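The block underneath contains the structure these notes are about, expressed in structure tokens.
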Amino acid sequence: MRTPFFDGLLRRAFVSPAAWLAPALLAAALPVAASPINELPVLKSSNGLLDVLVVARGEKITTLGTLKPMGWVYDICPRPTDGSDTCPAKPDGTNLYGGTRLQLRPGDTLKMRLVNKLPEVLDSEHASEPGHHFLRGNPTNLHTHGLIVSPRFPTKANPTYGDNIFVMTLNPDNLLPGDDDVVHGDVRLGFTEYEVKIPKSHPAGLYWLHGHIHGLTLNQLSSGMSGVITIGDPSDYLCKNAACSDFFKTLPVRHLLLKDTQVLKSNKIVTEQYPVFCKTKRGVDEEPREGQCAGLHGIPTGGGKWYFSVNGQGFPHIPVHQGNGEIWRITTGSATVTYDLGLRDDVTGQNMLVQVLSVDGVAVEPDANASAEEIRSMSGARITTVPCPADVPGKMIHKPVCATRIMMMPSSRVELWVAHRDAKGHLAAASPNASATLYTAGVQTGPAGDTWPEVDLARITFRGTPAANAPQTLAVTGDSQAEMRDPRRIGAELTTSNAMFKAEADCLPLAPGHKRRIFMGFTPGGSVAFGLGYEELDENDQPVPGTFLDIEPFNQDRPTVCVPLGPGNTPTTERWEIVNIAAENHNFHVHQVKFSLLSRDRVDGHVVEHRGGVLYDNVPIPRADGDCESVADWRAGKCVAHPMLVEIPFTVAGDFAYHCHIGEHSDEGMMARIRIRANK
């Protein structure tokens, strides 16, 4: 059986000596011709409804490179009026692996009929574990990641599911669960009906769709099963003053979905991914890494390719046709890979400045007087910030955020203004041969963690001259954070669905000043399983006796946390401290919420807390320094953790999950069930 710690040692053993190559050497080879990028197919709501058929099935992938594997995709179409469970044949050249975008508006209803026509999975690590043999049958479900919506169960009045991960759809032609299997929730044969109601006050932004079967998240994402959801439009939160609004109308909007897939020379996809598939850094004699890196020889990956795609295309060409630039809405649909994104000028080799407009579906709106360090802290160190040029037209309410590098762990989303700029970050006319490369740098997640390769993702060409009245930065002045800062707006719309989840006598609120502490790491006793632990802290940050639960793998039958809504079923807000005792980074995610990071500065010996200007549904939790195999080791000082303090407004009642959003980690047990209940 593979172990996460052994994997960490193995991965580091294959780091190439070329890892120390200077970036300038990598910039020396200019990009070659590439196929034009295709926008994702889009299905839009009409009259408040989007009703679609989602068929999960196998599909040959022909757009990545020389290898042509059989992947798993979502074939999405308007629901057939004849009740068919098959979408009409797609035109030649349709790239289902690249993904589909579902376009909705606040207040819409999304109906989905999920049909499972997937083949069996033959390389699932967890299908060999006791009680989990049914995973070989490749059950699946749907999760509308990032949406603040109800995780309803079916009722007689409405036999559909909300955004509920505790249901699985089986392909009746595959292996079915046996009497000894431990299934994680309801079981549906053939299909499942979903109905997701978007609150009218839901923030506009960028979200995504993927499967969430415990034990198969990694396999299904690495084979291609993800898509994009957009609520509203960037104009809902950008450029609300007249001068900026007129300029914004000139900017095209692109949707870019990042995926990665490992393919052996036999054309078989490795659904249980190997971080050592290829060298971390490009070798001196290695061909350019344009959308791929070559499998290491001497191990089973030899002759294979690790493909990194944008909209399902290997190293596409993205033409920025006019001088005012474009809005890019980027989603990471990868299962485990962390991207360290940059836009490298092909002539100078330097990273170009971009403006960060939104993170995880909510606009970035720091206070106008926020310092660079405060913005970095608010971002959870995900954004390498640099000073923005000039000012926003009109009165600046929020400080613009500019960056040269953006760290995106699995499930992250970011929206950017990309335009041709000079070395100082100012908008500039593009020369006839102006080009850049969108790339991800190699990422090391810790001594016991993963080492992800550096790869060039897309070629960018710039043309044109910016308008004479072009602003240097866009004004982010929408209302997207207002809805989340005052969660009563959304909570008031969820009254009916929240009432379905009745009050429970043992579901008690935190005492004033108390918070929850979540531990991330390995289970104790020398185990190699990932898990989560828990304890309550009092107003002095001391553990409350009797509340400690040691780190353990996911147990779907036992909620770790129960939170009652406030009086009258109004939202309730809690503070959680996330402590990672492992020697690798994790990515903390909570369903059905957006949360803020609370940074701490010591002033005259006192802790002063300030609210950030960024809201998230996932955040990197830094690795610990030292060697801790248990919470007891951490308490004994054998390692030093770097906790993150988050403030979470709970508005949605029901059962959902919090977990590490690295597919391998959540599948191996780093997930827990949370229960939110109506107030008495």
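The values are calculated or read from the model by the stated rules, or taken from the named source; none is laboratory data. Owing to the predicted nature of the structure, the values given are computational and were not obtained by experimental measurement. Cβ coordinates were reconstructed from backbone atoms using ideal geometry, including for glycine residues, and neighbour counts include every protein chain displayed. We work out accessible area using only protein heavy atoms, side chains counted, and drop any ligands, DNA or RNA first. Shrake-Rupley method; radii C 1.70, N 1.55, O 1.52, S 1.80 Å.
Which of 247, 438, 562 sits farthest toward the positive end of the charge dipole of the chain, with +1 on the Cβ of Lys and Arg and -1 on the Cβ of Asp and Glu?
In the chain, that residue is 247.
How do the peptides 87-96, 359-368, 407-416 rank, highest first, by the average count of neighbouring beta carbon atoms within 10 Å per residue?
Details: 87-96: 13.0, 359-368: 24.0, 407-416: 25.6.
So the peptides 87-96, 359-368, 407-416, ranked by packing, come out 407-416, 359-368, 87-96.
Just how much of residue 598 is accessible, in Å², when a 1.4 Å probe is used and the result is rounded to the nearest 10?
Around 10 Å² of this residue is reachable by solvent.
Using the Kirkwood radius over Cα pairs, work out the Stokes-Einstein diffusion coefficient for region 252-353 at 25 °C and 0.890 mPa s, in µm²/s as a whole number.
Details: Rh = 15.4 Å.
Once the numbers are plugged in, D ends up at 159 µm²/s.
The list (1) 29.6; (2) 32.8; (3) 34.2 gives values of mean projected area of the Cα convex hull in nm², and only one came from this structure; which label was calculated from it?
So the calculated entry is the one marked (1).
Can you compute log10 of I(q)/I(0) for region 100-191 with the Debye formula, treating each Cα as one identical point scatterer, at q = 0.18, 0.21 Å⁻¹?
-0.89, -1.09
Rolling a 1.4 angstrom probe over the protein heavy atoms, how many square angstrom per residue are accessible across the chain? Let's see the in-between values first.
Details: 25100 Å² over 680 residues.
With the other protein chains kept in place, the chain gives 37 Å² per residue.
Quote the relative contact order of the chain in percent (integer), defining contacts as alpha-carbon pairs under 8 Å separated by 6+ residues. List each step's numbers first, then the result.
On the way: 1894 pairs, mean separation 95.3, N = 680.
RCO, the chain: 14 percent.
Counting only protein heavy atoms, what percent of the accessible surface of the chain is carbon or sulfur at a 1.4 Å probe?
Working: 13600 of 25100 Å².
Reported share for carbon and sulfur atoms: 54 percent.
What dipole magnitude, in Debye to the nearest 20, does region 40-97 give about its Cα centre under +1 on Lys/Arg Cβ and -1 on Asp/Glu Cβ?
Working: 6 positive and 6 negative charges, 38 e Å.
Charge dipole of region 40-97: 180 debye, to the nearest 20.
If every alpha-carbon in region 39-110 counts as one equal scatterer, what log10 I(q)/I(0) does Debye give at q = 0.13, 0.15, 0.27 1/Å?
-0.44, -0.57, -1.30
How would 253, 167 rank on accessible area, largest to smallest, probe 1.4 Å? If you can, show how the numbers build up before the last one.
Working: 253 55, 167 0 Å².
Largest to smallest exposure gives the sequence 253, 167.
Which value in deg cm²/dmol, rounded to the nearest 500, describes the helix-derived mean residue ellipticity at 222 nm for the chain, given -39,500 (n - 2.57) per DSSP H run of n ≥ 4 and division by the residue count?
Numbers: 10 runs with 63 residues, N = 680.
After summing the helix terms and dividing by residue count, I get -2000 deg cm²/dmol.
Roughly how big is the chain's charge dipole about its Cα centre, with Cβ charges of +1 (Lys, Arg) and -1 (Asp, Glu), in debye to the nearest 20?
Values: 63 positive and 75 negative charges, 295 e Å.
Using only the charged Cβ atoms, the result is roughly 1420 debye.
Using a 4.7 Å Cβ cut-off, which Cys residues in the chain lack a partner cysteine?
660
Note down the Stokes-Einstein diffusion coefficient of region 116-248 in µm²/s, whole number, using a Kirkwood radius over alpha carbon pairs, 4 °C, and 1.567 mPa s. List each step's numbers first, then the result.
Details: Rh = 16.8 Å.
Translational diffusion coefficient: 77 µm²/s.
Give me the extension gain from residue 128 to residue 544: residue separation times 0.36 nm, minus the current Cα-Cα distance, reported in nm with one decimal. Working shown, then result.
On the way: separation 416, 0.36 × 416 = 149.76 nm, distance 3.90 nm.
Gain on stretching residue 128 to residue 544: 145.9 nm.
Which lysines have a Cα lying under 28 Å from the Cα of residue 279, excluding residues fewer than 8 positions away in the same chain?
Hits, sequence-local ones excluded: 60, 68, 259, 265, 268, 305.
Take residue 180 and residue 625, extend 7 Å from each Cα along the Cα→Cβ direction, and tell me the distance between the two endpoints in nm.
The two pseudo-label positions are separated by 4.9 nm.
Cross-link partners among lysines for residue 200, C-alpha distance below 29 Å, same-chain residues fewer than 8 apart left out?
44, 111, 156, 240, 249, 395, 399, 502, 594, 680
What are the semi-axes of the equivalent ellipsoid for region 414-548, taken as the square roots of 5 times the Cα gyration tensor eigenvalues, largest first, in whole Å?
Numbers: eigenvalues 441, 161, 44 Å².
Its equivalent ellipsoid spans semi-axes of 47, 28, 15 Å.
Which one, 542, 402, 621, is farthest towards the positive end of the dipole of the chain when Lys and Arg carry +1 and Asp and Glu -1 on their Cβ?
It is 402, whose Cα lies furthest towards the positive end.
Top to bottom by accessible area (1.4 Å), largest first, where do 112, 644 land?
Values: 112 0, 644 35 Å².
Correct descending sequence by accessible area is 644, 112.
Full extension from residue 86 to residue 39: what is 0.36 nm times the residue separation minus their Cα-Cα distance, to one decimal in nm? Each step should come with its number before you reach the end.
Values: separation 47, 0.36 × 47 = 16.92 nm, distance 2.37 nm.
Length difference between fully extended and current span is 14.6 nm.
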